[in-house]
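Written out below as structure tokens is the structure these notes cover.
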Amino acid sequence: MAEQTQSPRGSKPIVQSVARWLAPQRNRIIVLAVLAVVAMVLPLAANNYMLEVLSNAWFYVVLCLGLNIVVGYAGLLDLGYAAFFAVGAYTTGILTSQFGVNFWLTIPVAVVCSMAAGIIIGGPTLRLRSDYLAIVTLGFGEIVRICARNLEITGGAGGLIGIERPHLFGLHLNQAIHFYYVFLALAVLACFCSYRLQHSRLGRAWQYVREDEDAAEAMGINRVGAKLYAYVIGAVFGGVAGCFFAAKMTAISPETFMFQQSVLILVGVVLGGMGKIPGVIIGAFALVLFPEVFREIGSMRMLVFAVVMLVIILYRPEGIWPAKRS
Amino acid sequence: MSTNTSLLQVKDLVLSFSGLHVIQGLSFSVAQGSIASLIGPNGAGKTSIFNCLTGFYRPDSGKIVFNDRSIMRLKPHRITRRGMARTFQNLRLFKSMTVLENVMSGMHCRSSAGALSAILHTPGQRKEEREIREFCEQCLEFVGIQDKTDWIASNLPYGDQRRVEWARALATKPRLLLLDEPAAGLNHTEKKELIRLIRRIRDELGITILLIEHDMGLVMQISEKITVIDYGQKIAEGQAEDIQNDPRVIEAYLGREDEEEE
């Protein structure tokens, strides 16, 4: 990133500093526009396999951005994020396949359910320091999965099948290309929300709490409240992503929401760079594309992936995307 | 001490850590609109008193009445919301954030926008953000570092970092400002400026001030009332001259003269 705020901007001559400020900004808009065009046009040239992989990548972008609010912005280690994703997926799955509710109406229900799940788990645990929180969230993630496997309404170990695919303005969303655009739109929405939240009163509160909990508290910020807020918003991202996941797959099973899933999402966030939207997007893409690109080497690819992860953690602990500030 | 003139009243405050008594039945009060000081030898329990007042420590017993309401056992952020702000002995800035962002933290408890209005950029949220920024810029101007708004806090010289802390505390719109060793690490000119600033905060903003300080010259010069603490107990109270001549104070200080700076 071009903008390194090592020296005070004000001390440079104004014209020069404005020029320096404008150039990367304009560059950034150009880069964004190019990326948007590529993202829009790409599916026209892609085969079904590529579409599937790319939709999956956008889907992980949404999940990673959701977890990024918890881990990156508020600095909470959450090892059970897949639980919220599961809550959303099962809400949609149960309501559409068993009660015949229209898919779009299940989204607000899923939002409420994931918020409730966030409050139930976050309320008592967010007072804990991060290591304890990690263990509790890990347990919570497993509880949700095991419940899903044993309850009748969730279809037990076999999961739910026959989830109806939604209609959008008369168009039946049943092709890979449709879901590519659905997940692209979701990812853009997630970016937009993340960006706005990051640059708001709430986003600042998260950063204060992350930097110095006591000082933040002394400045009148409710430490636990701010964390809970992040946790619940992160849960909503996961829940909504889960709704669309269920609709795309038409079938869900508890094994989709295993601990590995939570870890995978967390890896995406850490790999790209916590708290940085472009970084998290890159992380999510790396997560999905890497195993696909190295499919030929079979299960060895996970080993290579692990080595890449280690190298990044050792040499770039701040993630792939550079830190904005020194 | 009558209730209508004292902004802060502490009565029989007791604080102990696993049996060790840090504060033992301390009572004092701070009058509305005054500049008061807490002094005492090292380890007398001054900072512990601040931590009790601001809710960071939970006193065993006693009473703390601020603005005619008890603030005993309130969470620190609630106490800040009631109008008590503090600075820290060792600077506690949000180091990787800009000066302005640091000061904006103070306005958090005086604003209310939530997630939805932030995502939608509602007119109310935009107005609030503008107000936060304007007020914080005023605070920075008041302490005299308005030209360093965009600096990263940790890149500032020490004296300026102190100013950011004051601006941040002022941004909470307090009625009472607690300053924990505000002169520590400042040079002679900076101390002079500090005295002027403290007076301006009281005179122009009408904020009551309670400070802990080691620099006796500064304390004697600025305080209208001094409370002397030793071993968690009040040993003397009054104006500068009374304190200077009080035999118990002299004894408390002379006994450990070698540890003191003055």
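Would you kindly derive the ³J(HN,Hα) couplings of the stretch B:35-48 from the backbone phi angles with the Karplus curve 6.51 cos²θ - 1.76 cosθ + 1.60 (θ = phi - 60°), listing them in order in whole Hz, with x for Gly and Pro?
Whole-Hz 3J(HN,Hα) from phi for the stretch B:35-48: 10, 10, 10, 10, 10, x, x, 4, x, 6, x, 5, 5, 4.
Tabulate in residue order the Karplus-calculated ³J(HN,Hα) for the stretch B:82-88, using 6.51 cos²θ - 1.76 cosθ + 1.60 with θ = phi - 60°, rounded to whole Hz; enter x for Gly and Pro.
Working through the residues one at a time gives 6, x, 10, 10, 9, 10, 9 Hz.
Excluding same-chain residues fewer than 8 positions from B:LYS148, which lysines have a Cα within less than 20 Å of its Cα?
Counting by Cα, and skipping residues close in sequence, B:LYS148 has these lysines nearby: A:LYS12, A:LYS324, B:LYS95.
Given that compact globular proteins tend to follow 2.2 N^0.38 Å, what is the ratio of the alpha-carbon Rg of the stretch B:15-152 to that value? Can you show the working numbers first?
On the way: Rg = 18.5 Å, N = 138, 2.2 N^0.38 = 14.3 Å.
Cα-based Rg divided by the globular estimate yields 1.29.
Enter the Cα centre distance for the pair the stretch B:107-140 and the stretch B:82-100, rounded to the nearest angstrom.
19 Å
For the stretch A:60-200, build the charge dipole from Cβ charges (+1 Lys, Arg; -1 Asp, Glu) around the Cα centre, then report which of A:MET115, A:GLN98, A:ASN68 sits farthest towards its positive end.
Comparing the listed Cα positions along the dipole, A:ASN68 ranks first.
Out of all Cα-Cα pairs in the protein assembly as shown, roughly what percent, to the nearest whole number, are more than 48 Å apart?
Values: 44085 of 172578 pairs.
Of all Cα-Cα distances in the protein assembly as shown, 26 percent exceed 48 Å.
Just want to confirm a number: the relative contact order over the stretch A:77-120, from Cα pairs under 8 angstrom separated by 6+ residues, in percent.
Values: 25 pairs, mean separation 19.6, N = 44.
45 percent.
How far is the Cα center of the stretch A:264-301 from the Cα center of the stretch B:1-72, in Å?
Spelled out, the Cα-based centre of one part sits 54 Å from the other.
Can you order the peptides A:155-162, A:314-321 by their average number of other Cβ atoms within 10 Å per residue, highest first? Numbers along the way, then the final one.
Details: A:155-162: 15.6, A:314-321: 14.1.
Descending packing order for the listed peptides: A:155-162, A:314-321.
State which entries of B:LYS11/B:LYS225; B:LYS127/B:LYS173; B:LYS11/B:LYS75 exceed 21 angstrom in Cα-Cα distance in the structure shown. Display every interim value, and only then the final one.
Working: B:LYS11/B:LYS225 17 Å; B:LYS127/B:LYS173 18 Å; B:LYS11/B:LYS75 19 Å.
Among B:LYS11/B:LYS225; B:LYS127/B:LYS173; B:LYS11/B:LYS75, the Cα-Cα distance tops 21 Å for no pair.
When ranked by the protection proxy of mean other Cβ atoms within 10 Å per residue, highest first, what sequence do the peptides A:252-261, A:300-309 form?
On the way: A:252-261: 18.6, A:300-309: 12.8.
In decreasing order of mean packing, A:252-261, A:300-309 become A:252-261, A:300-309.
Taking the Cα centre of each part, how many Å lie between the stretch A:151-227 and the stretch A:45-111?
The stretch A:151-227 and the stretch A:45-111 have Cα centres spaced 8 Å from each other.
Looking at the stretch A:183-247 from every direction and averaging, what is the projected area of its Cα convex hull in nm²? Can you show the working numbers first?
Numbers: hull surface 18.1 nm².
Directional mean of the projected Cα hull area for the stretch A:183-247 stands at 4.5 nm².
With the contact rule set at Cα under 8 Å and sequence spacing of 6 or more, what percent relative contact order holds for the stretch B:58-159? List each step's numbers first, then the result.
Working: 65 pairs, mean separation 32.2, N = 102.
Contact order relative to length: 32 percent.
Using each residue's phi in the stretch A:63-79, evaluate 6.51 cos²θ - 1.76 cosθ + 1.60 at θ = phi - 60° and report the 3J(HN,Hα) Karplus result to the nearest Hz, with x for Gly and Pro.
With coefficients 6.51, -1.76 and 1.60, one gets 4, 5, 5, x, 5, 4, 5, 6, 7, x, 7, 8, x, 9, 8, 10, 9 Hz.
With every protein chain kept in place and ligands, DNA and RNA left out, what is the accessible area per residue of the protein assembly as shown? Probe 1.4 Å, answer in Å². If you can, show how the numbers build up before the last one.
Numbers: 26480 Å² over 588 residues.
Solvent-accessible surface per residue comes out at 45 Å².
Can you tell me the equivalent ellipsoid semi-axes for chain A? Use √(5λ) from the Cα gyration tensor, largest first, whole Å. List each step's numbers first, then the result.
Working: eigenvalues 213, 130, 77 Å².
One finds semi-axes of 33, 25, 20 Å for chain A.
Give me the three principal axis extents of the stretch A:132-216 from the C-alpha atoms, as integers in angstrom, largest value leading.
52, 36, 16
The values are calculated or read from the model by the stated rules, or taken from the named source; none is laboratory data. What you are looking at is a predicted structure, and each value in this text was computed from that prediction instead of being measured. Quick reminder, even Gly has a Cβ in these numbers, built from the backbone with ideal geometry, and neighbours come from all protein chains shown. SASA here: full protein model, heavy atoms, side chains in, ligands and nucleic acids out. Shrake-Rupley method; radii C 1.70, N 1.55, O 1.52, S 1.80 Å.
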